[in-house]
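Take a look at the structure set out below.
Values quoted throughout were computed directly from the atomic coordinates according to the rules given, and no laboratory measurement underlies them. Everything numeric in this text was worked out from a predicted model, so none of it was measured. When we count neighbours, we look across all protein chains shown, and the Cβ atoms used for this are built from the backbone with ideal geometry, even at glycine.
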Amino acid sequence: MKIKSIIVDDETKSQSNLKQLLAEYCPAVEVIAEANSPTTALPLIAQHKPDLLFLDIEMGKLSGFDLLKILNGQQDFELIFVTAYDKYGIQAVKACALDYLLKPINILELSSAVDKAIKQIGPKKEDKRLRELVANIDRRDDEQKIAIPLADKIEFITIAKIIRLEAEGNYTHFYLIDNKHHLVCKTLKDYQELLDGHHFIRTHQSHLINFKKISAYVKTDGGYIAMEDGSQVPISRQKKDEVLSRIMKVKL
């Protein structure tokens, strides 16, 4: 599990040092953005929705505490203060920070703080995934979603927007409407099981298609399926009878 993090510190040297320490000693943490003030941090937080914020306290006109006041409890990230001053401990506790690190950063203390973050963030991610699964029970077929793990997040994709899936070793390519594409570190077999009962069929060892997104069945060149995105999906000899039977029965 990757932990998306943002570093907010007005000293470039401190940013670089923390980023380097995280890369070397805390590989589960991915620094997706850096900000040198609360003002520049706000749009980054809104854009990236981090799991974890490393926050300096004294940063010129606005402090780290000012940033939290502006967010007004709307943040959905865990918080670790990183500061050169040891006088803010009580305020840090009141801000519900996971930890409070003093500069220069001690590697063991940093690792301990990150471990706390992982223990807090992991269950939250899993809870979100489970909430989506439960919500699917009450959704119409065209509204149901599937969770796919990407490098920096778990994304919930509406099943009806999937055109086709294609295997590449232990990875699976997702091709969606509007020319969107994701590469996921799970096998096609895993997704065939998840999508069973949702108008999907395996046409080939490497291809799983959404019958709702078929454009045509082309008989020439050995026969293939033309999809709405313009792609051509082969049909294996072993699958041909099953696929043709489903084509004749499906209600598009």
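Remarks
- Full extension of the segment from residue 248 to residue 48, taken as 0.36 nm per residue of separation minus the current Cα-Cα distance, would add 67.5 nm.
- Fewest-first ranking of 59, 248, using other Cβ atoms within 10 Å as the exposure measure: 248, 59
- In terms of its C-alpha gyration tensor, segment 3-126 comes out rounded, because the ratio a/c of the largest to the smallest axis stays below 1.5.
- The modelled label-to-label distance between residue 62 and residue 20, using points 7 Å beyond Cα along the C-beta direction, is 2.9 nm.
- For residue 115, net neighbour charge (Lys/Arg +1, Asp/Glu -1) across residues whose Cβ lies under 13 Å away: -1
- As a proxy for reagent exposure, 246, 237, 202, 164 were ordered by neighbouring Cβ count within 10 angstrom, fewest first; the result is 237, 246, 202, 164.
- Contour excess over end-to-end distance, with Cα ends at residue 170 and residue 217 and 0.36 nm allotted per residue: 14.1 nm
- For the pair residue 194 and residue 70, the difference between a 0.36 nm per residue extended length and the Cα-Cα distance amounts to 40.5 nm.
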